[in-house]
Amino acid sequence: MKTKLKQIYYDMRHQPVIAWVTFLATAMSVFLIMVVVMMQRAKTVPFAPESCRENLVIGANLHIENIDDAGNNSSSALSYSAAKMLYDGLDGIDCMTFYTMRPEESEVYAPGGDDFITAQSRRADAGFFEVFDHPLVEGRYFTAEEANALMPLAVINESTARKILGNAPWAGREIIVDNSVYTVTGVIRDNSSLATLGHAEIVIPTGPGDTFGQWTDYLGSMAVAMVKKPGVDMEHLRNQVKARYSKLDAQLAAEGKRTIYHEAPYEQSTLADAAFFGSNTTPDASHSRRMRWVIYGILLIVPAINLSSMLHSRMRRRVNEIGVRRAFGCTRRRIITDIITENFIVTLAGGFVGVTLGIIFAATYSGLYEGIEYYNQGDTPAVSAFLNFTTIATSLIICFVLNILSASVPAWQAARMNPVEALNSK
């Protein structure tokens, strides 16, 4: 290893342009791939308030059509009663919440105050704070009994409390949300809007009698977030939901209607990957995954071709050295192994720089996430969301693949040199 490091140092001193271009090109290639990887990981890696993402399951949307006129159909999120009918009490679920999946932009201000702010609010039952981890800063969560009674209460985040109510204590004070008065029961820690399913700045109780956002007996603005027990198969959950869809179809038949089942419920990772997902479609995660693999391929193959040309130029300057080694009995396999190993060290060093830059970029540049739904401008994930074993393993694999793609052909050509011709070359 010491000899290889000396060889790399010698190359960098005597071929500085080629060596540094190789190093920087590797760093940039790994950086771009890691940015793409991290953009996706921001949607899937567990972090508060969605620390349960690996087992998070979502029941969302309902699609109803007329039996005699298939073109006449309607779809949206669920009404509270429909959500209860389809998902309440499923076997294999650890905890669940009925809530508005899409946050509302609400005007919030203090009683007697002139200024208001805009905050993202959700209606949710008490299970919301079991499914999503929102640590309390002050006060308490509202209870299931209070939610079912539709008490005018609210749990708000720390930033909203500070902007509206000034200094603590905040619990027990009143705020006005969209012209309705609520008493603050508790204040939760600020949470990232990149956690699109669990993010909230204001949480207002909802229950069976709540008609907020209800369009019909079955359609409304509600969804169900569930944490399945470890080891529970998604097909087991879907089979239960299909049976409940059949019961709902029996009720709808009297109205000349029926449901169209779209493979609900969904894993959180499926929703993160789904392209063009709406209430009247089945989430298609395969399209987005294929496109990502195409992007990864382009970001690997294009720089690999350029790096291969650079390495070929470096090998041409080492023809005499290779000729001497071959003349003294060095095998072709050893030549190939040494060249690939030397190149891998350079690739690994460039990859380390690329990954470091990628993590810094992903954790500081909020514009990277503007395509994520419900995103609040300025939000970025914590570095801990990216700096883990998966990120390191991914970067090592990228470096290894890039090394093999760029070094294999030049190494094979160098090993195929005739020793006599190599020694006589200039």
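The values are calculated or read from the model by the stated rules, or taken from the named source; none is laboratory data. Since the model is a prediction, treat every value here as computed from it, not as a measurement. Cβ placement follows ideal geometry from the backbone for every residue including glycine, while neighbour counts extend to all protein chains displayed. Only protein heavy atoms, including side chains, enter the accessible area calculation; ligands, DNA and RNA are left aside. Shrake-Rupley method; radii C 1.70, N 1.55, O 1.52, S 1.80 Å.
What to note about this one:
- Flag: PRO152 does not match the condition of being open to solvent by 60 Å² or more (accessible area, probe 1.4 Å), over 24 Å from the mean Cα position of the chain (by Cα) and touching a residue at least 40 places away in the same chain (Cβ under 8 Å).
- Taking the criterion of being in contact (Cβ under 8 Å) with a residue 60 or more places away in the chain, open to solvent by 20 Å² or more (accessible area, probe 1.4 Å) and touching a strand residue (DSSP E or B) at 6+ places or on another chain (Cβ under 7 Å), the only residue of segment 131-142 that qualifies is PRO135.
- When restricted to residues that are hydrophobic (A, V, I, L, M, F, W, C) and farther than 18 Å from TYR266 by Cβ, segment 208-236 contains 3.
- Conditions (1) over 27 Å from ARG140 (Cβ atoms); (2) at pLDDT below 90: number failed by ARG244: (2)
- Answer from LYS229, LYS257, LYS247 - the residue that is in contact with a helix residue (DSSP H, G or I) (Cβ under 8 Å, 6 or more places away or on another chain), touching a residue at least 60 places away in the same chain (Cβ under 8 Å), over 17 Å from ILE93 (Cβ atoms) and open to solvent by 60 Å² or more (accessible area, probe 1.4 Å): LYS247
- Some residue of segment 44-55 being closer than 21 Å to PRO208 by Cα, open to solvent by 40 Å² or more (accessible area, probe 1.4 Å) and in contact with a His (Cβ under 9 Å, 6 or more places away or on another chain): no
- Flag if THR196 is over 23 Å from ILE64 (Cα atoms) and either touching a strand residue (DSSP E or B) at 6+ places or on another chain (Cβ under 7 Å) or open to solvent by less than 20 Å² (accessible area, probe 1.4 Å) (or both): no
- Taking segment 215-233 as the range and being under 24 Å from GLU130 (Cβ atoms), in contact with a Ser or Thr (Cβ under 8 Å, 6 or more places away or on another chain) and part of a loop (DSSP other than H, G, I, E, B) as the test, only SER221 passes.
- Single residue of ALA25, ALA60 found to be more than 23 Å from GLU263 (Cα to Cα) and small (Gly, Ala, Ser): ALA25
- Conditions (1) modelled with pLDDT under 90; (2) touching a strand residue (DSSP E or B) at 6+ places or on another chain (Cβ under 8 Å); (3) of a type outside the set (A, V, I, L, M, F, W, C); (4) more than 27 Å from GLU104 (Cα to Cα); number of the one not met by GLU255: (2)
- Any hit, segment 331-339, residues being outside any helix (DSSP H, G or I), at pLDDT 75 or above and not basic (Lys, Arg): yes
- THR211 meets each of the listed conditions (1) touching a residue at least 40 places away in the same chain (Cβ under 8 Å); (2) assigned to a loop (DSSP other than H, G, I, E, B) apart from (1).
- Residue within segment 37-60 that is of a type in the set (Ser, Thr, Tyr) and either part of a helix (DSSP H, G or I) or at pLDDT below 80 (or both) present: yes
- Residues of segment 69-77 include at least one that is within 30 Å of ILE202 (Cα to Cα), crowded, with 19+ Cβ neighbours inside 10 Å and modelled with pLDDT of 80 or more.
- Test: ALA264 is in contact with a Gly (Cβ under 7 Å, 6 or more places away or on another chain) and within 21 Å of LYS84 (Cα to Cα): yes
- In segment 84-119, the qualifying residues are those that are open to solvent by less than 10 Å² (accessible area, probe 1.4 Å) and out of contact with any Lys or Arg (no Cβ under 9 Å at 6 or more places or on another chain), and the one that is farthest from TYR261 (Cα to Cα) is SER106.
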